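Please read the structure below before turning to the comments.
The values are calculated or read from the model by the stated rules, or taken from the named source; none is laboratory data. Keep in mind the model is a prediction, meaning the values are calculated, not measured. In this analysis, Cβ positions are derived from the backbone assuming ideal geometry, glycine residues included, and neighbour counts consider all displayed protein chains.
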Amino acid sequence: MNKRPPKKITESYLYNSSLYYLQRFASSSGHLRNIMNKKISKSCQYHTEQDFSECTKILEKVIEKLKEQNFLNDELYTEAMVNSYRNKGLSSKMITQKLKLKSIPNELIQSKIRKINNQIEEISNNQSAELISALRLSKKKKIGAFSSGLKPKEKELAMLARNGFNYEIAQKSLNMSKEEAEKLINNIC
């Protein structure tokens, strides 16, 4: 079975291709740019008369158009992802790493982490957002207060450290009673 050759790059092709991608996946403008640059690269390799730099200029026009139409909004995307990752029990370090992979600027990531942390801390009577995330991860992984007691404390501590939590937060979450941990987690949800 023969593979179809890649299409030539046009503004309408990139726009439609971007819309199709955005219908299936939420994305930052940087991540969409990376995805579309791969399409452009394949197309330029096949259609040698195309200039890669000209095609990327077309892509930038398409991305700006998508931003104007609110199909792309890095602020909202980043805030939603930070909130989602916090709910999954990820540390600030892990959230930062994951969002940097999506080509989101570090300043935007840090401002959204601060915003979500402040919201969590306000709801939880000034409990650390990192602590609450560590407790969520502990519940998910059945360690600490949610442990059956089969894993050694050192392994539980190592698991939290691998997930980006500092020693103080990890120790505090592991030494908390199940009732305290449940109360903190349930106050936020």
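Each row is one residue, and each column tells you yes or no for (1) under 21 Å from P5 (Cα atoms); (2) part of a helix (DSSP H, G or I); (3) modelled with pLDDT of 95 or more.
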residue	(1), (2), (3)
M36	yes, yes, yes
E49	yes, no, no
I63	no, yes, yes
V82	no, yes, yes
R86	no, yes, no
L99	no, yes, yes
I113	no, yes, yes
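Beta carbons closer than 9 Å, at least 6 apart along the sequence or on distinct chains, never pair a first residue in the stretch 96-123 that is in the same structural domain as L184 (by TED's automatic domain parsing) and among the hydroxyl-bearing types (S, T, Y) with a second that is exposed (fewer than 14 other Cβ atoms within 10 Å of the Cβ) and in a helix (DSSP H, G or I). Here is a list: E122, E182, E168. Which entry is of a type in the set (D, E) and under 15 Å from G89 (Cβ atoms)? Testing whether each residue is of a type in the set (D, E) and under 15 Å from G89 (Cβ atoms) leaves just E182. Considering only residues in the stretch 165-189 that are hydroxyl-bearing (S, T, Y) and part of a helix (DSSP H, G or I), the one that is surrounded by the fewest Cβ atoms within 10 Å (Cβ to Cβ) turns out to be Y167. The residues of the stretch 115-133 that are of a type outside the set (S, T, Y), part of a loop (DSSP other than H, G, I, E, B) and out of contact with any Leu (no Cβ under 9 Å at 6 or more places or on another chain), listed by number, are N125, N126. For V62, the conditions (1) in contact with a helix residue (DSSP H, G or I) (Cβ under 7 Å, 6 or more places away or on another chain); (2) assigned by TED's automatic domain parsing to the domain that holds K93 are fulfilled apart from (2).
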